[in-house]
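What follows is a set of notes on a single structure, which appears directly below.
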Amino acid sequence: MTITPKKVITLLCILFIITAPFIFPVRDTLVQVMESLAQFGIMGLVIGALLYIPACVLFLPGSLVTLGIGSLAAILFPGKLLLAILAGTFTVSVGSVSGASAAFLLGRTLARDAITRKLENNPRFKALDRAIEQRGLKMVFLLRLSPIFPFNFLNYALGLTPIRFRDYLLASWIGMLPATILYVYLGTGITSLANTAAGVHTPTSPWVSALKIVGFLATAILVIYISRTAKKVLDETVPEG
């Protein structure tokens, strides 16, 4: 495999995304916010899901919300990693699809003129529009796995395409699941680190800790592989212009 500058930059970006929450103050801020939401119990997850709607509409980073919900789920279900991941993934799926749908509908109605002006001279979007007209659900599914456009802008842009709303919902939900699971998994680790830093130690055997690390790495590798495969298919269907 040939190592190119583009591949090196991509790898560095992936490493930064994965490690940034543990290095920068965002970790402590997320934990503090989610500890506040944890006081509401399960309703805290509902509130977390609702945060996705303004995040998607206002172009705020949804990945931080996903990390936060993973952290919240770990607080609500201490020592139950699988349950925390399942609860966090379900919450994020509902919230992210709701937020993406709100932006999609705005892109199809109130924001249509503004988005059209933004994309009217974009040859790749025109090719994408034609591909979606022929294979809407499949193309949106691939876009969610490896987006050509930034996630929040893509929500609005897809509102200009002829895809049916129900196909958009289904393709978005399934296509976003791999990254959702990865970020929720990462979010549960943020809470564990915060507890350790605060001197709160949950008895855990070395085997369980090793299994968590292996599980996360396996999930990350799988998501990266799926994303690369989806991008390859998209590049063949919608070549860069």
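Residue ranges 65-72, 39-46 sort as 65-72, 39-46 when ordered by packing (mean number of other C-beta atoms within 10 Å per residue, highest first). You can think of it this way: the chain between K231 and T109 has 41.0 nm of extra reach, that is 0.36 nm per residue less the Cα-Cα gap. Using Cβ point charges alone (K and R +1, D and E -1), the dipole size of segment 114-177 about the Cα centre works out to roughly 60 debye.
Based on the mean of other beta carbon atoms within 10 Å per residue, what is the order of 105-113, 51-59, 129-137, 156-164, most packed first?
Details: 105-113: 14.7, 51-59: 17.9, 129-137: 16.2, 156-164: 20.0.
Highest to lowest by the protection proxy: 156-164, 51-59, 129-137, 105-113.
Computing FRET efficiency as 1/(1 + (r/R0)^6) for R117 and L50, where r is the C-beta to C-beta distance and R0 is 25 Å, gives about 0.25.
We did not get these values from a lab; they are worked out from the coordinates using the rules stated. Quantities reported herein were computed from a predicted structural model and do not represent experimental measurements. Every residue, glycine as well, gets a Cβ built from its backbone with ideal geometry; the counts of neighbours run over all protein chains shown.
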